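Novice: Below is a structure I'd like to ask you about.
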Amino acid sequence: MSGSNSTSTSMKFAVRAWSNGRARAGILHLPCCPAPIETPSLLLSTRKGLPPFISPDLLPSLPSPDSHLLQVSPLHFLEGLSIKTISKIGGLHQLLALHDYGFVAFPRDSIQCLPEAKGSNKTGASFETPCGRLLIKPVEYMEMISSMRPELWATLADEVPAWVTEKRNKASVDRTIKWLDECIALSPAGGAVFGSIVGGSSSEERQRCAQEVARRNIAGYWIGGFGLGESMDERPALLNVVTEFLPEEKPRLISGLGLPEEILQGVAAGVDLFDSTYIYHLTLGGFALTFPLDRMEKNASNIASSDAGSDLRKISLRATIFRKDTTPIVEGCKCYTCQNHTRAYINHLLNVHEMLAQILLEIHNTHHFLGFFRSIREAIKEGRFEEFKKDFVQSRCDQLAVAASDLSLSEMSLV
Ligand SMILES: [Zn+2]
C-alpha cells in the first residue's frame, strides 16, 4: 500500500459543487490538457487512441477542453506494434502525436474488449478481443501501461456479469483487490492510479470491495462490473453503496454506463467520469442526436407524433424524409458538421456508403453528447440536478408513449 504512486502524479481534482446529496461538479486538472476539465465529464471512446471516425486534424474542431480525455484500452494494441516499440517511441502521446490530450487506460472497452469471466482465473483476467480470447496477468498489463504512459490508468479487475454465483462474485472481489496491490507494486512513476472496484450485483460485495480499495493510497477509483446484466432498477442502490465508502475528494470513473439515462444514474450516485460507446453505436447506425440541451421540455404535446425517422432524441438520417432536407442536423449547433453540411447531404453519403457520413455524424454526436454533460454540470451548479434528471427521463417516457401509438414505429430504433 505504498503511497509513492499517487504522490508522484500531477493529476489534480477538486469537487466544487453538490446537488441533491451526491451529484457533484468538479474540476480535473491534467498538465497535458490546455485547461482544467470540468466534471461530470465524458471520456471519448477510441480505437487505438483515436475516436473511431475522427482523424487527428479534425479532433481540434470538438469542444475544448471537454473533448481532451481519451479512453484507451491497452489490449487494442496487442495485434500491432510491440510494447517495446511503443515504449521506444515514447508512449501514446508520441505515437499518436496528441500532446495536449489526456489518456485514460483500462483493459476493457464496451465494443471490442469485453471481460470474459469464464476464462479468468486466479492468475489473470480474460477478455474477448479482436485477437481472440486473451488471459492478461497483472505483470503483463503493467508492462503495457508502462510503455504507453497514460495520464490515468485503472488496475486490472476480474469483472463478472450480474448472474454469477455468490462464490464466483466473491472470488472476483478477492482477485481484484489482490491484483490492485500487485499493479501498484509494479506501477511505473507517473500516471494516476485508479483502484478498480467490482462486486457484481451484491451490495455486500460492492461495499466490501469499495472499503478495501478506499484503504489504498491511490489517486481515484474505477468502478467496474456495471452494464453486465444488472437491471436499471437495482443499479442506483449498487452505485450508492460503492460511492458511500469512497473518499469525497478523489475522482470516480465508471465503465459500462453509456446511455443518457445511465449517465444520469451515475451522476446521481456521485460518479465524475464516464466512458460511453453510445456515440459509436449511434454513428454506425446512421443516427444523429437531436434532443434539446437546455431545460428539458416537459410538455408531451410538443412532441410531433409523425416525424418519420425520429424519436425526438435522435433522427435516423437514412430515412427517406431527409433526402431533400436542406437544414443542418440541429439548427444552431456549433459543430463542424452542422455549420457546413445538410441532412440531405449526410443522407446521400449514407446511401452511397461513404465513410464521410460516419465522420460527420461522429463529430456532431460527440459535440451534442458533450453538450449533454455541460447541461448536467450546469444543473448541478444551480442545485437542480434532480429536477433535470426527472425531466429528462420523463420526456423520454412521453416520447415512448407517443412512439408506441405511432404507425411509423418500425422505422425507429428505441435504444
Ligand atoms: Zn452539430
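Novice: For the residues W163, W153, W179, what sequence is obtained by ranking on other C-beta atoms within 10 Å, fewest first?
Specialist: With the fewest neighbours first, W163, W153, W179 line up as W163, W179, W153.
Novice: In whole Å, what is the distance between the alpha-carbon centres of the stretch 153-200 and the stretch 28-62?
Specialist: With the stretch 153-200 and the stretch 28-62 each reduced to a Cα centre, they are spaced 26 Å.
Novice: Let me ask another. Is the C-alpha gyration tensor of the stretch 12-165 telling us rounded, prolate or oblate? Criteria: a/c under 1.5 is rounded; beyond that, a/b larger than b/c is prolate, otherwise oblate. Present the calculation step by step, with values, prior to reporting the outcome.
Specialist: Values: a/c = 1.94, a/b = 1.23, b/c = 1.57.
In terms of gyration-tensor shape, oblate.
Novice: Work out Dmax and Rg for the chain from the C-alpha atoms and quote the Rg first, both in angstrom.
Specialist: Reported Rg and Dmax, both Å: 21.1, 63.
Novice: Can you give the helix-only mean residue ellipticity at 222 nm for the chain, where every DSSP H stretch with n ≥ 4 adds -39500 (n - 2.57) and the sum goes over all residues, rounded to the nearest 500 deg cm²/dmol? Each step should come with its number before you reach the end.
Specialist: Working: 13 runs with 146 residues, N = 415.
Value at 222 nm, helices only: -10500 deg cm²/dmol.
Novice: For Cα pairs less than 8 Å apart in space and 6+ apart in sequence, what is the mean separation divided by the residue count of the chain, i.e. the relative contact order in percent?
Specialist: Once divided by the residue count of the chain, the mean separation gives 17 percent.
Novice: Based on the mean of other Cβ atoms within 10 Å per residue, sort peptides 119-125, 24-30 so the most packed one is first.
Specialist: 24-30, 119-125
Novice: Moving to a separate point now. Students often get this wrong, so check it: of K48/K84; K88/K137; K137/K250, which have C-alpha atoms separated by over 25 Å? Don't jump to the answer; show the numbers that get you there.
Specialist: Details: K48/K84 16 Å; K88/K137 23 Å; K137/K250 27 Å.
Table pairs above 25 Å Cα-Cα are K137/K250.
Novice: In this model, which of K170/K390; K334/K390; K122/K314; K167/K389; K12/K314 are farther than 32 Å apart at the alpha-carbon? It would help to have the intermediate numbers written out before the result.
Specialist: Working: K170/K390 35 Å; K334/K390 27 Å; K122/K314 44 Å; K167/K389 36 Å; K12/K314 36 Å.
K170/K390; K122/K314; K167/K389; K12/K314, as the Cα separations exceed 32 Å there.
Each reported figure results from applying straightforward, stated rules to the coordinates on display, with no laboratory input. Predicted, not measured: the structure shown is a model, and the values here were computed from it. All Cβ positions, glycine included, derive from the backbone under ideal geometry; neighbour counts span all protein chains shown.
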